[in-house]
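Reviewing the structure listed below.
The values are calculated or read from the model by the stated rules, or taken from the named source; none is laboratory data. Worth saying up front: this structure is predicted, and the values here are computed from it rather than measured. Using ideal geometry, Cβ is built from the backbone for each residue, glycine included, and neighbour counts are taken over all protein chains shown.
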Amino acid sequence: MSKPKAIALFCGAGGLSLGFKRAGYDVLFATDINHHALASYSAYFPDTRVFKGDIGDLQPSSLPSNVDILLGGAPCQGFSSAGQQFWDDPRNNLLSEYVRVLDALRPKWFLMENVEGLLTAWKGQYLCECVKAMLSLGYNVCLEKLYAHSYGIPQRRKRVVLVGNRLGHIFKFPPASHNVSGAIFRKSEATFMQATSDLPPASTDISATLEYSTPAQNELQEILRLNTTQVKQHFFLPQGAEQQARIEILEPGQTMKDLPPEMQHVSFRRRANRRVCDGTPTEKRGGAPSGIKRLFPDEPALTITGAAMREFVHPKENRTLSLRECARLQTFPDDFHFFGSTAAALQQIANAVPPLLAEQIGLQIKKEFGFSLVYIPKRPHFEFVLTQSNGMSPALRRTELLLKELISDEARQLKLFEKTKRYVLS
């Protein structure tokens with residue numbers, strides 16, 4: 001049988017694409033506006049046609065037809081009023097363009113990934129507008145906040161994933177393979193050292209090519225090595241004398257606040273009491289800064305961000321993380337090269353969906369559900385899981401109520417679907 005066909009919007013360096021490629025999909029086309037990310041993507045996916053530019057300039061007529069799945073997550077650029085005013089706001093343009101392409105191609109499936117802040121952005125109404133747009137096109141939608149470390153990713157990463165299909169399937173995400181509650185991290189196989197202990201000593205030479213010093217010691221390392229004998233981009237950024245002194249004092253799990261007051265950075269002391277109010281927009285989240293933090297060796301790492309090489313300290317060595325360690329914690333293989341400056345390369349890694357997580361979702365779609373029509377529902381099905389926690393913040397509770405209203409008030413919501421469809425898709 002031929003491979004399922006995929007298209008990737010907002011593809012970045014290719015985390016989603018790599019996962020679905022490993023799951024047996026053929027990624028025919030990808031697009032992004034970032035030229036460094038596309039350079040990385042093109043080098044690893046030479047057979048995929050790429051388009052660099054604004055998604056608004058993308059004409060669906062130029063895309064492959066009979067697509068099985070549309071991949072990608074439109075970044076949240078802003079928050080505005082609900083209803084038709086939401087789609088008028090230029091800050092929401094990327095989401096409306098995603099919907100435009102989805103409507104034009106009508107793939108059998110779609111997958112949309114976004115940051116955790118999407119759940120409470122603009123008091124939950126941003127997410128509601130996303131869901132209504134998908135439902136208005138006749139897609140059954142399943143929404144869930146996924147915990148990457150529960151799928152064997154050596155990193156505590158929470159992301160919102162929406163999966164939809166127009167075939168009548170009631171999609172379920174793959175069951176978690178790792179426990180994520182209680183005293184779990186010291187028993188986990190997805191830890192920092194499990195992912196990185198076979199790497200040779202890191203270098204400060206950006207261009208250095210290093211030989212592996214030890215055999216792969218577990219299945220995850222074997223996946224990341226892919227039978228290669230060398231590793232590139234395994235470099236870290238040297239620190240100044242003052243910062244290096246801070247690093248050498250920190251124990252695993254400690255941060256800047258655990259240092260003597262005289263060693264704490266001035267800006268840290270100034271911002272240390274900052275707190276994030278519930279429902280703070282995505283771009284303003286973060287809470288009080290940790291400054292620098294030494295990771296635990298026997299736990300999943302913290303979420304890899306664009307500051308990881310500056311703020312995260314190796315569990316056992318007195319240095320910050322290398323670029324390759326960040327890539328491994330995101331489950332990119334060692335032969336995946338990231339183009340651009342160090343900052344540009346790290347941002348590509350940080351923005352990506354972990355390929356190993358994407359692969360598991362891709363396999364779940366292909367093996368458990370498939371691409372054949374089951375039935376055409378009179379009204380699209382929608383279900384969601386906003387958290388795996390027993391508790392729920394007031395902001396998240398507000399989102400839950402909005403989504404429940406979307407499901408329960410059928411007569412009113414059918415009118416909303418029609419209004420959304422006329423406005424967004426006309």
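The sole residue among Ile407, Ile361, Ile376 that is outside the structural domain of Phe236 (by TED's automatic domain parsing), out of contact with any Ser or Thr (no Cβ under 8 Å at 6 or more places or on another chain), at pLDDT 95 or above and not acidic (Asp, Glu) is Ile361.
Among residues of the stretch 44-60 that are farther than 18 Å from Asp103 by Cα and in the same structural domain as Arg22 (by TED's automatic domain parsing), those with a beta-carbon under 6 Å from a residue that is in a strand (DSSP E or B) and among the polar types (S, T, N, Q) at least six positions away or on a different chain give the pairs Phe51/Thr31. The residues in the stretch 379-404 that are polar (S, T, N, Q), part of a loop (DSSP other than H, G, I, E, B) and either modelled with pLDDT of 90 or more or within 23 Å of the chain's Cα centre (by Cα) (or both) can be counted, and the count is 4. Residue pairs whose Cβ atoms lie under 6 Å apart, separated by 6 or more positions or on different chains, with the first residue in the stretch 249-268 and surrounded by fewer than 10 Cβ atoms within 10 Å (Cβ to Cβ) and the second modelled with pLDDT of 90 or more, do not occur. Quick check, is Thr282 surrounded by 17 or more Cβ atoms within 10 Å (Cβ to Cβ) and modelled with pLDDT of 90 or more? Here the answer is no, as Thr282 does not meet what is asked. Across the stretch 378-394, the qualifying residues are those that are surrounded by 14 or more Cβ atoms within 10 Å (Cβ to Cβ) and out of contact with any helix residue (DSSP H, G or I) (no Cβ under 7 Å at 6 or more places or on another chain), and the one among them that is farthest from Gly19 (Cα to Cα) is Ser393.
Criterion first (modelled with pLDDT under 95 and assigned by TED's automatic domain parsing to the domain that holds Glu113) does Gly14 satisfy it? Taking the combined requirement at face value, the residue does not satisfy it. Summed over the stretch 175-193, the residues that are at pLDDT below 95 and outside any loop (DSSP other than H, G, I, E, B) give a count of 3. Residues in the stretch 346-388 that are farther than 15 Å from Val160 by Cα and of a type in the set (Asp, Glu): Glu359, Glu368.
With the requirement that a residue be assigned to a helix (DSSP H, G or I) and closer than 16 Å to Trp109 by Cα, what does the stretch 20-50 give you? Within the stretch 20-50, Phe20, Lys21 qualify. Restricting the stretch 228-246 to residues that are surrounded by fewer than 18 Cβ atoms within 10 Å (Cβ to Cβ) and β-branched (Val, Ile, Thr), the residue that is nearest to the chain's Cα centre (by Cα) is Thr228.
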